[in-house]
């Protein structure tokens, strides 16, 4: 309204000479309307006061007449009148502005009248007129007028075009804005910076950031210098699009352009950082603001409060508030509501109340948002009484509670399923004159659905419709979700149709709910149909749509379909998120498909999604189950390196799969040497050597430490010598032990010798701080010393310190050579590239490589191979091939490693024809495939089941003068075992031995595990005997596979023999061993034996797992309550949470022995833990209630079963028939017997007993 309107004075100032005015009177009248002569301020104030009073009295016609009089009498311009009125009566401003706009409308009519009369206003007048129209949000009229100007042939200037672009942008019509922009150039008018800024701003608002970028670049190419506003607009766009690096990059460009960042710049950056919870960087931005003398405003604080809240840093929120108060900043109601919300969200309601109290003392006038935040905070905590008290406080402060206030309370009552109270508060709300809104009713409907009272929910929907409240998609979604939960999918579909009939289109949530419902029932064909329906209705499936489907497919073990869905999902432009990867990794590991689990893990990392602890735990558990402990330990170290903390699940998985290997022996030896028991440590060393496990650096370090403490120095020297003979060069940690040990023995001469020898070791071990400390102690200053330090610093890329070392060398008169720098350049680049590629940062790797090449780096084959392998890992094969071509252009010849990366990737995606082509390409370039290449091919064809081609490759290996190794055959045997092809496995073994390759421990474990899984125990023992004959010591995993196989076949005595054999061989049985045995004896009904084994495992220090207790509870529940209670107590002492199996055993035991109260107590505990009842739980409770004659309870339980989607089957009906017969209730028994016959025709025991019982009674 700012220019509104000096227009009338200027509107018809100029008439082009080639046109003649036919009606000079109309023009004169226009001038009289627009001429302005100022009056005194007091007179004008008095007139405005009159206008205000008249408006309050609703005398609109009188107001209009007075406005006309004021303007026509030249006492005030429309613009000045509007400004003065806005200041004095802000609440009446909208009404007053509408009246002033009527002047504008008349001006527009006048324009067209004059145009029809042959007249034409001046360009200056038109521009003012156009600006006024834009300022009054009349964008359509602005463009209409602009088009008339252009069509008339009138030569518009920059200002005219600028206003038209502004109107189009504000309308959101970017096509039209661009057309006006293009017209500018056609008319020979140069676009202005302001025009570009307008378009960039509009595109950023529409989230078309790439288009905005192009415009910015186009503007710069035209040598138009962007203003601070332009930069700020694009920076804000980047921040809203979460492209923060680009935003900071643009800020740096501002500096280069000599434009200082202002408050708007910093606020945009802070908004983006806080949304991304990058609070460290946000704090740095705040410091930069302070350094530049820019004071934070209310928006700054609101962004920071929100950011700390999002990142869960409540202390940060409080600290920021105290800092703001300390700086004298005033917190307004907007900032206060955000601050209070952050505190309430994290349960700090008392702190929120304290801060609100302080602010009220400081003069804050709280609004409804502030009080609603507190009410919601108490509701979240479950303190409803305090929430109600806050509403009363709200009213005492003169703030009227609104719909949001009451909705918070109603929602809380619905959450705790107190629906009667919720409805009472709806009534109270209405009595206070606040009409319940759609959200209120949706909350009530959702509450009844959550409670399971579907009829009442439907009644509420009907009541809404009858009382003029139209239900929306959310209303129906609650109902549809409940029907899906109880597996009544036909009814759910009916309600979707009802929605459509009422003109409410199903949304994405509706379709996702249906997909989830059908997927849980295993009806995947219907899920795919729904996906097609979604697209047909113009909706794009999101991550939730596919997540439900993938989760259920994983649980069903259908990996092939999972991969198909993933491809379909990515084809539709939907990328997997953390939750989806969690499902995939958990699902594949549960199926025993560890390699697939790792493939998804790698893909997750490549997608720049940080793995969670759950991902690592799934993989570790899967690896331990397949006896791949080493790889599990590697993952454990990776967890620690990523900053995550391993939890009890991580360690339980590792312990359950652990067998006495090098890691275990090293831990034991280190423990005994630390505690001074060298004899026990040596005994373990002997045992380790007998087992064929060679000592490593850690073993030697432990013994060196032990012998130094005992003063056995000759033994220490022997150990160091022995290390070197065995190819283990002492490193920094060894030299550190030696130096410290000799010092403790006061043998400083030897200590100095070892310290000097250890100098280079520290540098090579990257323990540079120790190396610097050693340099200070030794006071050695020569070229070797400095070069060792430089080598270590360069490898650690600590280049600042390296420069300082160079300066020190120069100061001491040493001339540095360049050998270290040149040697480490390519090496460091290779290592850096590998690190980036490994974590999916291939673009960054390319950028750094480009920079280094500009700096003179001549990359070698290792650097290029790293990039090729990085692209292959990402799945971008085309870029990998392009990199290979670049490699050749730089004069670096690709080698076998280059090609092997590509071949491996093609094998992974099963494009074996392409693989063969690349093998031929290798040969054409004169590069012979090596054994790794051939092994990759065998693994690829083996996974596809093309075993004929695998055998051909074996022949090719020998034809090219190479000998297949154990890895070659291992891939083939592993794939054959997985498909259960034992005959082919035998053939491969014979072929392998015929070629002089002996199976190793891993192959024998594969064979034994595979045959046991197929149920071929005899074959498993044959491989076991062969393993022993080959002088390969069986591992604990080997014995566990056999014991598990025997127990499943009820051959318990043989399993016991194997347990003794484990002890004889010096291995330690683990929880898996005992779990298999206990399960076997439980199946055989030998309760005492189960308990003996349980006691034995505890004596041996083996901690039972939850799986240990499953068979124990199952078997011991038959023996009586005392044993079961004892077991349950022990289980809780071990911090093991009961699961469904345990609860079922307990409930069954207590119902069988007539103690329903305890059974029901466990039933409640089970529900609190979120464990859903199954048929066994219901059967136990039904059985007891029948014995007690509580038939109404029995009916309730059967009904509850059906509601929860558990259709009673033969076992339930058998219990019912038997129970009713015992109660002489033969009518009910006969009806149930019919159901029993329908459910299971082969279960006839109780069906036969019923007629007998009836006849007996009749007799």
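The values are calculated or read from the model by the stated rules, or taken from the named source; none is laboratory data. Just so we're clear, the structure is a prediction, and the values are computed from it rather than from any experiment. Ideal geometry is used to build each Cβ from the backbone, glycine not excepted, and the neighbour counts take in all protein chains shown.
Can you find even one residue in segment 1031-1045 that is free of Cβ contacts under 8 Å to residues at least 24 places away in the same chain and closer than 23 Å to residue 662 by Cα?
Filtering segment 1031-1045 down to residues free of Cβ contacts under 8 Å to residues at least 24 places away in the same chain leaves 1031.
Narrowing further to those that are closer than 23 Å to residue 662 by Cα: 1031.
Scanning segment 1031-1045 turns up at least one residue that is free of Cβ contacts under 8 Å to residues at least 24 places away in the same chain and closer than 23 Å to residue 662 by Cα.
Somewhere in segment 304-314, is a residue more than 25 Å from the chain's Cα centre (by Cα) and either buried (at least 21 other Cβ atoms within 10 Å of the Cβ) or over 30 Å from residue 371 (Cβ atoms) (or both)? Talk me through it step by step, then tell me what you get.
So in segment 304-314, the residues more than 25 Å from the chain's Cα centre (by Cα) come out as none.
Scanning segment 304-314, I find no residue that is more than 25 Å from the chain's Cα centre (by Cα) and either buried (at least 21 other Cβ atoms within 10 Å of the Cβ) or over 30 Å from residue 371 (Cβ atoms) (or both), so the answer is no.
Pick out, from segment 1103-1161, the helices (runs of 4 or more DSSP H) lying fully within it that include 2 or more residues that are farther than 17 Å from residue 1083 by Cα and over 39 Å from the mean Cα position of the chain (by Cα).
On the way: elements: 1106-1116, 1121-1133, 1140-1152.
Filter on segment 1103-1161 gives 1121-1133, 1140-1152.
Touching a helix residue (DSSP H, G or I) at 6+ places or on another chain (Cβ under 9 Å) and under 21 Å from residue 244 (Cβ atoms) - does that describe any residue in segment 343-354?
no
Are any residues in segment 666-713 touching a residue at least 60 places away in the same chain (Cβ under 8 Å) and either outside any helix (DSSP H, G or I) or under 21 Å from residue 730 (Cα atoms) (or both), and if so, which ones?
Within segment 666-713, 691, 692 qualify.
Please enumerate the residues belonging to segment 321-351 that are over 28 Å from residue 294 (Cα atoms) and under 30 Å from the mean Cα position of the chain (by Cα). Walk me through it before giving the result.
So the first thing to find is which residues in segment 321-351 are over 28 Å from residue 294 (Cα atoms), and the list is 344-351.
The answer is 344, 345, 346, 347, 348, 349.
Sort through 1016, 1066 and tell me the only one that's surrounded by fewer than 20 Cβ atoms within 10 Å (Cβ to Cβ) and either more than 26 Å from residue 985 (Cβ to Cβ) or at pLDDT 85 or above (or both). Spell out the reasoning first.
Values: 1016 fails: either more than 26 Å from residue 985 (Cβ to Cβ) or at pLDDT 85 or above (or both).
Result: 1066 is the single residue among 1016, 1066 that is surrounded by fewer than 20 Cβ atoms within 10 Å (Cβ to Cβ) and either more than 26 Å from residue 985 (Cβ to Cβ) or at pLDDT 85 or above (or both).
I need every pair where a residue in segment 481-497 that is free of Cβ contacts under 8 Å to residues at least 60 places away in the same chain has its Cβ under 8 Å from the Cβ of a residue that is part of a loop (DSSP other than H, G, I, E, B) and surrounded by 20 or more Cβ atoms within 10 Å (Cβ to Cβ), sequence separation at least 6 or different chains.
Close Cβ pairs satisfying both conditions: 496/506.
I'd like to check which helices (runs of 4 or more DSSP H) are fully inside segment 948-1015 and have at least 1 residues that are in contact (Cβ under 8 Å) with a residue 24 or more places away in the chain, in contact with a strand residue (DSSP E or B) (Cβ under 7 Å, 6 or more places away or on another chain) and over 20 Å from residue 628 (Cα atoms). Reasoning before the result, please.
Numbers: elements: 966-978, 982-994, 1001-1013.
By residue number, no helices (runs of 4 or more DSSP H) qualify.
Filter segment 599-612 for residues that are touching a helix residue (DSSP H, G or I) at 6+ places or on another chain (Cβ under 7 Å) and part of a helix (DSSP H, G or I); which is surrounded by the fewest Cβ atoms within 10 Å (Cβ to Cβ)? Write out each step before concluding.
Taking segment 599-612 first, the residues touching a helix residue (DSSP H, G or I) at 6+ places or on another chain (Cβ under 7 Å) are 600-602, 604, 606, 609, 611-612.
With the extra rule that they be part of a helix (DSSP H, G or I), the set shrinks to 600-602, 604, 606.
Details: 600: 26, 601: 21, 602: 16, 604: 23, 606: 19.
Applying the filter and picking the extreme gives 602.
Counting only residues that are in contact with a helix residue (DSSP H, G or I) (Cβ under 7 Å, 6 or more places away or on another chain) and over 21 Å from residue 726 (Cα atoms), how many does segment 677-694 have?
The first filter runs over segment 677-694 and keeps only residues in contact with a helix residue (DSSP H, G or I) (Cβ under 7 Å, 6 or more places away or on another chain), leaving 678, 680-681, 684-685, 688, 693.
From what is left, the residues that are over 21 Å from residue 726 (Cα atoms) are 678, 680.
Counting residues in segment 677-694 that are in contact with a helix residue (DSSP H, G or I) (Cβ under 7 Å, 6 or more places away or on another chain) and over 21 Å from residue 726 (Cα atoms) gives 2.
When you scan segment 924-937, do you find a residue that is out of contact with any helix residue (DSSP H, G or I) (no Cβ under 9 Å at 6 or more places or on another chain) and either at pLDDT below 85 or under 27 Å from residue 989 (Cβ atoms) (or both), even just one?
First, the residues of segment 924-937 that are out of contact with any helix residue (DSSP H, G or I) (no Cβ under 9 Å at 6 or more places or on another chain): 924, 926.
In the following step, the residues that additionally are either at pLDDT below 85 or under 27 Å from residue 989 (Cβ atoms) (or both) were identified as 924, 926.
Yes, the conditions are met somewhere in segment 924-937.
When you go through (1) part of a helix (DSSP H, G or I); (2) closer than 27 Å to residue 967 by Cα; (3) under 34 Å from the mean Cα position of the chain (by Cα); (4) free of Cβ contacts under 8 Å to residues at least 40 places away in the same chain one by one for residue 919, which number turns out not to apply?
(3)
For the structure I just gave you, tell me whether residue 213 is without any contact (Cβ under 8 Å) to a residue 24 or more places away in the chain and either within 19 Å of residue 261 (Cβ to Cβ) or surrounded by 17 or more Cβ atoms within 10 Å (Cβ to Cβ) (or both).
So residue 213 fits the description; yes.
Yes or no, residue by residue, for (1) surrounded by fewer than 20 Cβ atoms within 10 Å (Cβ to Cβ); (2) in contact with a helix residue (DSSP H, G or I) (Cβ under 7 Å, 6 or more places away or on another chain):
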{"position": "431", "(1), (2)": "yes, no"}
{"position": "434", "(1), (2)": "yes, yes"}
{"position": "446", "(1), (2)": "no, yes"}
{"position": "471", "(1), (2)": "no, yes"}
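Quickly run through segment 1162-1171 and pick out the residues that are part of a loop (DSSP other than H, G, I, E, B) and either more than 30 Å from the chain's Cα centre (by Cα) or modelled with pLDDT under 80 (or both). Spell out the reasoning first.
To start, the set of residues in segment 1162-1171 that are part of a loop (DSSP other than H, G, I, E, B) comprises 1169-1171.
Hits for segment 1162-1171: nothing passes.
Looking only at segment 387-405, count every residue that is touching a helix residue (DSSP H, G or I) at 6+ places or on another chain (Cβ under 6 Å), outside any helix (DSSP H, G or I) and within 18 Å of residue 352 (Cβ to Cβ) and tell me the total.
Summing the residues that are touching a helix residue (DSSP H, G or I) at 6+ places or on another chain (Cβ under 6 Å), outside any helix (DSSP H, G or I) and within 18 Å of residue 352 (Cβ to Cβ) in segment 387-405 gives 1.
Please determine, by comparing only the residues of segment 132-161 that are at pLDDT below 70 and either touching a strand residue (DSSP E or B) at 6+ places or on another chain (Cβ under 9 Å) or under 16 Å from residue 194 (Cα atoms) (or both), which one is surrounded by the most Cβ atoms within 10 Å (Cβ to Cβ).
Within segment 132-161, the match that is surrounded by the most Cβ atoms within 10 Å (Cβ to Cβ) is 134.
Any idea how many residues of segment 276-323 are closer than 17 Å to residue 251 by Cβ, in contact with a helix residue (DSSP H, G or I) (Cβ under 8 Å, 6 or more places away or on another chain) and assigned to a helix (DSSP H, G or I)?
The total comes to 8.
Return only the number of the condition from (1) surrounded by fewer than 19 Cβ atoms within 10 Å (Cβ to Cβ); (2) assigned to a helix (DSSP H, G or I) that residue 337 does not satisfy.
(1)
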